[in-house]
1. Relative contact order for chain B: what is it in percent, counting Cα pairs under 8 Å that are at least 6 residues apart?
2. Quick one: how many lysine pairs in chain A have C-alpha atoms under 25 angstrom apart, if they're 8 or more apart or on different chains?
3. Which chymotrypsin sites (Phe, Trp or Tyr not before Pro) in segment A:85-183 sit in a loop by DSSP (not H, G, I, E or B) and have at most 14 other Cβ atoms within 10 Å of their own Cβ?
4. Run the quick spin-label model on A:TYR220 and B:SER24: label points 7 Å from Cα toward the beta carbon, then report their separation in nm to one decimal.
5. Between A:VAL311 and A:LEU229, what is the FRET efficiency for a Förster distance of 25 Å, r being their Cβ-Cβ separation, to the nearest 0.05?
6. Report the far tail of the P(r) of the protein assembly as shown, meaning the percent of Cα-Cα pairs longer than 46 Å.
7. As a test of understanding, state the convex hull volume per residue of chain B from its alpha carbons, in Å³.
8. Measure nothing fancy, just the Cα-based angle from helix A:287-315's long axis to the longest principal axis of chain A, in degrees from 0 to 90, nearest 10.
Amino acid sequence: MTTRLVLKKLIDAVVLLAMVLVFNFFLFRVVDHDPLAKYRGHSKLSQAQRTAIIKRFGLDGSKWEQFVRFVDRTLHGDFGRSFNSTRPVVSEILDRLPNTLLLVGISTVLTIAIGIRIGIRAGWQRGGRFDRISTPFSMALYGTPEFFLGMLFLAFLGAKLGWFPTGGVTNPAAHYTGFSAIVDRARHLVLPVATLTLGYLGSYSLVMRTSMLDTLREDYLTTARAKGLRDRDVMRRHAVPNALLPSVSLIAIGFGFIIGGAITTETVFSYPGLGLATYQAIGNTDLPMMQALFMFSSVAVIVFNIFADVVLTFLDPRIRVGA
Amino acid sequence: MVGLALMTLFVAMALLAPVFANRSELQAAAGRNNPNLHAPNGKFWLGTDEIGRNVFALVMWGARVSLYIGLLATVVAVVIGSVLGLIAGYARGWVSRVMLAIDDFFLVLPFIPLAIVLALLLGRSPTIMALVIGGTFWAGGSRLIRAQVLSLRERGYVERATALGASSRHIIMRHVLPGVAPLIIANASLIVPGAILAESTLAFLGLGDRFSPSWGKVLEGAQASGALTLNAWWYYLPPGLCIIGIVLAFTLVGNALERIFDPRLGDR
């Protein structure tokens, strides 16, 4: 039963990924019918250069031929060359990927871990002292654009107090080795990670709190209490596991927002990852780069979602029986 | 109540912007003779930006741009979401399945990258920005409405109308739509803050109109001009606090509406 469900989820994933491919082509070749017009200095190109570029970016032939070629190239990992640097887009992305993985990875884990804890505590004793402080705090964080938070950190903790560097990943003036190199890198990560974590903490803790409140109304909690279980055990063994389930899929959807947040956070701190690359691609109207970045982030979010779905099928027996 | 008061304040700001500041103050030339990045004084209540423009004028007019884009985007998102949600909930068979697949797809696509791509390809005027945001923001609402329609369809009065031979169109307009309308309204008031945040993000990334700046665009200017390291707090604090305020205002009002329309939610 479970295997069949997992298989079904995987098929869903393949369908979604195929839709991403078609949608990408639609956006970049149909909505934007003349991509070459965005090529820098396109009006000064000679006819020969023009033909060469059209051929290089696979823009010749009918839309259908273009589509087949586009799918073929994409599946072979060929995303073309950047309009800006003329390097292959894939190498541009691979160069910056580790930085972003580090930033988004740490922030996602921190946001989920801290946000869920806050939500559980606030929901368990609604109207209590913790809830009265944490919920307005979560609301305020939810309403704050993460880049504004980052700007405040940069201005006060970075520029004014000088506690942390204001940008980049390493100190270019110093050549650290060994342990001090790691410390230098960590110091550059503090503000971006704090920004991205706090920027999305609010929505996670609010979702978890609501989920807790819904669970607290269930009959099985009354039963657990009636059995004479200690309050702690009722919360840890009965309320929390059930309240976590609906949040898993919301957490997965939230991952898409964290990716969006990484774009602005990296921009604020000039942190050379995929987010800053997105910002630069906007500035340069670098379509091949933008297309690859968009495809890349869509695939990351879909994979993350499918992963959450599969985890959920193992965690929640109701899904296995119900479907 | 706090939400409603804040909301009134921001709407008043947007409506009264021309009274307090002339539109021409937004032009690049407006600050020619003013000191650049000057701290607040009697003439410039919120100081000036890096080309000498009056930050107070930027913030007042920013309310107008941010609200316009946020509200128009919400209307677009609500219309798309409601229509698709109604069809997906009411139709059966493959229509319903295809709608659900499209909905799933838009729900899972990372929103900001998609909006960036659309804005990059389509243009940057406030109206286009609103269409772009609205066009990518409807999937959650459509899902909610579909669920509500599914449950309404099983109710006695809809079954009775079907049995009497009423057309689908009649049933949707007369029986289903009134049932989902409160949900649509509550959902709309919760889309507004998301749309305003999205707009400020896109503007911050350089996808805004330079001469009708929203608050996000003002923040982009602050970031790019080095106001952060120069400690020019009057340039970046006001627009940032305005974004937080307006998002909270709409969220609080939205939550209150949701509670009014769905008493089962109780006092959260």
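1. On the way: 401 pairs, mean separation 68.4, N = 268.
Across chain B, relative contact order equals 26 percent.
2. Values: A:LYS38/A:LYS55; A:LYS38/A:LYS63; A:LYS44/A:LYS55; A:LYS55/A:LYS63.
Total qualifying Lys-Lys pairs in chain A comes to 4.
3. Values: sites: A:TRP124, A:PHE130, A:PHE137, A:TYR142, A:PHE147, A:PHE148, A:PHE153, A:PHE156, A:TRP163, A:TYR176, A:PHE179; in loops: A:TRP163, A:TYR176.
Listed in order of number, the matching sites are A:TRP163, A:TYR176.
4. Inter-label distance under the simple model: 7.1 nm.
5. Working: r = 27 Å, r/R0 = 1.09.
Efficiency, from the Cβ-Cβ distance: 0.40.
6. Values: 31387 of 174345 pairs.
Summing the P(r) tail past 46 Å for the protein assembly as shown gives 18 percent.
7. Values: hull volume 38.9 nm³, N = 268.
Residue-normalised Cα hull volume stands at 145 Å³.
8. With rounding to tens, the tilt is 30 degrees.
Every number in this text was worked out from the coordinates using simple rules, so none of it is lab data. Not measured: the values here are computed from a predicted model. Please note: Cβ atoms are built from the backbone with ideal geometry, for glycine as well, and neighbour counts cover all protein chains shown.
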